[in-house]
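One structure is given here, and the rest of the page talks about it.
Each reported figure results from applying straightforward, stated rules to the coordinates on display, with no laboratory input. Since the structure is predicted, the reported quantities are computational estimates derived from the model, not experimental observations. A quick note on method: Cβ atoms are made from the backbone with ideal geometry, for glycine too, and the neighbour counts reach across all protein chains shown.
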Amino acid sequence: APVLNIFRGLDPGDISPDLVGLTVLNGTDEDGLANDASGAFAAVGFDLREPGNVPVEERPERTVVRHAPDEEDYGLRVVRHITGGAELEEDPALEEHEVEVLLSHDAVSVKIAGKR
């Protein structure tokens, strides 16, 4: 990936979206939010998993991006596309290069401009 980043015009240490296994979960009452956000993240180039819903009792007050242990850079790669921002959390249950987004009402949109 670092060598390919040079040809993409990226910093060699930057994480390309296609290296991030991303699951988007809807933490609101708004139908289709996870599907819509997944489509936007797919347009950026992320490796999308099946979207889903956060159980009502676990819905976050603010949008949360969870990343695997010692992979904060993968979470940050996702956060930079959420216009409302997000809290970043480490989740030991996630596999390497996996990230979850728990959407709340503060997630305004997903930026697809400047994809890489």
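Summarising the label geometry, the points placed 7 Å from Cα in the beta-carbon direction at E72 and A42 lie 3.2 nm from one another.
Lys and Arg at +1, Asp and Glu at -1: add these up for the other residues within a Cβ distance under 9 Å of L88 and post the number. Can you show the working numbers first?
Numbers: positive: R66; negative: E72, E87, E89, E90.
Result for the neighbourhood of L88: -3.
Which distance in nm do the two modelled labels at E90 and V56 give, with both placed 7 Å along the Cα-to-Cβ direction? The answer from the label model is 3.4 nm. Backbone phi angles across the range 54-63, fed through the Karplus curve with coefficients 6.51, -1.76 and 1.60 (θ = phi - 60°), yield HN-Hα couplings of 8, x, 3, 6, 10, 5, x, 6, 10, 4 Hz in residue order; Gly and Pro are listed as x. The alpha carbon centroids of the range 76-94 and the range 34-71 are separated by 9 Å.
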